[in-house]
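Peer 1: What follows is a single structure, and I will ask about it in a moment.
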Amino acid sequence: EREVSSMVSSSGRMPVERVGFVALIFAAVLYLSGGSGGTGGYASARQLDEVQLSLSGTNGAPFPGHILVTGGAGFIGSHATLRLLEDGYAVTIVDNYSRGNRGAIETLRKLAPRHKLRVVDGDLGVTKDLERAFGKHKVDAVIHFAAIAYVGESVSQPLAYYRNVTVNTVGLLEAMKRHDVRKLVYSSTCATYGNPDVLPITEKTPTVPINPYGKSKLYSEDAIRDYAVANKDFDAAILRYFNVFGSDPRGRLGEFPRPELRAMGRISGACFDAALGNIPELVVMGTDFPTRDGTCVRDYVHVTDLVDAHLAVL
């Protein structure tokens with residue numbers, strides 16, 4: 001088990017105003033150029049699914065492997081897929097687009113080397129979709145990003161979270177067992193810690209989640225650990241992290257939630273929407289924290305650094 005965090009706070013001395021302005025301008029470009037997540041002009045699901053992957057190296061380079069990425073149309077998953085492709089992997093994505101962006105998939109399709117990217121339009125909760133994802137080409141490892149991930153929504157719809165996060169992770173493990181896939185990297189969350197009594201958080205900090213999102217992730221972790229104990233040849237890494245921010249440094253991918261999801265509360269989306277005039281103001285919750293201005297200090301990790309961490313434990 002490993003923990004990833006990046007300590008960036010408003011109380012530091014770095015020029016946050018200038019950095020923030022540049023980030024907002026860059027994000028605005030990504031927002032305005034990213035499309036709406038619709039399907040107009042995109043490759044069809046059948047075209048993406050029927051790709052015959054090449055499971056060999058290119059230009060004489062050794063072949064690192066074939067990775068199944070769940071949630072590859074999402075913010076983190078799409079950036080991870082891009083990095084995998086650049087490193088010579090073949091990738092199969094499985095995503096039902098309930099939270100992901102078809103525009104990200106189209107970008108990946110255009111950037112991917114020939115016969116290196118396959119995309120299954122499928123749901124982890126549907127066995128036949130998992131069989132389509134695993135059955136066509138031998139999978140060497142799975143990176144599991146797919147999950148709904150809004151704390152407030154988890155409080156109002158707890159069963160949806162236990163089904164989507166915990167039950168789907170168990171179903172994924174069952175599919176891995178059927179297809180003899182023995183390596184998993186699980187993208188978890190620091191919401192598993194709840195409100196710790198001692199800071200900074202470490203891997204030894206007690207896990208006492210305070211909402212269904214954190215609980216569903218922790219239960220998924222437990223299922224992975226128990227499966228690994230029962231199957232000694234199964235190798236799993238679990239990464240917990242806080243708020244993810246940023247985008248591909250070359251501007252090829254970024255964060256682009258659909259409009260109906262932006263009200264869920266991610267601070268990055270709220271900042272961008274306020275800067276672009278999509279909402280009248282940015283509302284900051286909390287005024288009595290022991291900080292310079294009374295507002296909460298958050299920790300962030302850049303999406304490319306997070307991808308580095310996932311590949312490091314692959």
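The values are calculated or read from the model by the stated rules, or taken from the named source; none is laboratory data. Every value quoted in this text rests on a predicted model; they were computed, and no experiment measured them. With ideal geometry, Cβ positions are generated from the backbone for all residues, glycine too; neighbour counts draw on all protein chains shown. SASA here: full protein model, heavy atoms, side chains in, ligands and nucleic acids out. Shrake-Rupley method; radii C 1.70, N 1.55, O 1.52, S 1.80 Å.
Peer 1: So what are the ³J(HN,Hα) numbers for the range 249-261, from phi and the Karplus equation (6.51, -1.76, 1.60; θ = phi - 60°), rounded to whole Hz, Gly and Pro as x?
Peer 2: For the range 249-261, the Karplus-derived couplings read x, 8, x, 7, 9, x, 8, 9, x, 5, x, 6, 9 Hz, x marking Gly and Pro.
Peer 1: With angles folded into 0 to 90 degrees, how steeply does helix 267-276 sit against the dominant principal axis of the chain? Use alpha carbons for both and round to 10.
Peer 2: 70 degrees
Peer 1: How big is the Cα convex hull of the chain in projection, averaged over all directions, in nm²?
Peer 2: For the Cα atoms of the chain, the hull's average projected area reads 16.9 nm².
Peer 1: First select every other residue whose beta carbon is under 12 angstrom from the beta carbon of VAL307; then total the charges, Lys and Arg +1, Asp and Glu -1.
Peer 2: After counting each charged neighbour, the total is -4.
Peer 1: If a/c stays under 1.5 just call it rounded; otherwise compare a/b with b/c (prolate if a/b is bigger, oblate if not). Do that for the range 169-251, with a ≥ b ≥ c from the square roots of the Cα gyration tensor eigenvalues.
Peer 2: Values: a/c = 2.17, a/b = 1.34, b/c = 1.62.
Oblate shape, in that a/c is at least 1.5 and b/c is the bigger or equal ratio.
Peer 1: Which pairs in the list LYS177/LYS232; LYS128/LYS217; LYS116/LYS177; LYS177/LYS204; LYS128/LYS177; LYS138/LYS183 are over 18 Å apart, alpha-carbon to alpha-carbon?
Peer 2: Check vs 18 Å cut-off fails for LYS128/LYS217; LYS116/LYS177; LYS177/LYS204.
Peer 1: Which loop trypsin sites (Lys or Arg not before Pro) in the range 83-148, with loop taken from DSSP, have no more than 14 other Cβ atoms within 10 angstrom of their Cβ?
Peer 2: Passing sites in the range 83-148 are ARG114, LYS138.
Peer 1: Right, here's the next one. Taking amide H positions as placed in the peptide plane 1.01 Å from N, state which residues far from VAL120 in sequence (5 or more) or on other chains have amide H under 5 Å from it.
Peer 2: ILE93, VAL94, ASP95
Peer 1: Shifting gears a bit: When only Cα pairs under 8 Å and 6 or more residues apart are kept, what is the percent relative contact order across the range 198-314?
Peer 2: Values: 71 pairs, mean separation 28.5, N = 117.
Once normalised by length, the contact order is 24 percent.
Peer 1: Rounded to the nearest whole Å², what accessible area per residue is found for the chain with the 1.4 Å probe?
Peer 2: Ligands and nucleic acids excluded, the figure is 50 Å² per residue.
Peer 1: How would you rank 303-311, 213-221, highest first, on the average number of other Cβ atoms within 10 Å across their residues?
Peer 2: Ranking, from highest mean packing down: 213-221, 303-311.
Peer 1: Relative contact order of the chain, please, whole-number percent, based on alpha carbon pairs below 8 angstrom and at least 6 residues apart.
Peer 2: 23 percent
Peer 1: Which of ILE201, ILE105, ILE76 ends up with the largest GNM mean-square fluctuation for the chain, with Cα atoms connected below 10 Å?
Peer 2: Checking each option, the largest mean-square fluctuation is seen for ILE201.
Peer 1: How large a share of the accessible area of the chain, in percent, is made up of carbon and sulfur atoms when the probe is 1.4 Å and the other protein chains stay in place? If you can, show how the numbers build up before the last one.
Peer 2: Numbers: 8640 of 15790 Å².
Carbon and sulfur together cover 55 percent of it.
Peer 1: Where in the range 232-268 does the label zone of THR202 land, with the point 7 angstrom along Cα→C-beta and an amide N cut-off under 18 Å?
Peer 2: Residues passing the 18 Å test: 240-241.
Peer 1: Classify the range 127-171: rounded, prolate or oblate, from the alpha-carbon gyration tensor (a ≥ b ≥ c, eigenvalue square roots; a/c under 1.5 rounded; otherwise prolate if a/b is larger than b/c)?
Peer 2: Because a/c hits 1.5 or more and a/b exceeds b/c, the range 127-171 counts as prolate.
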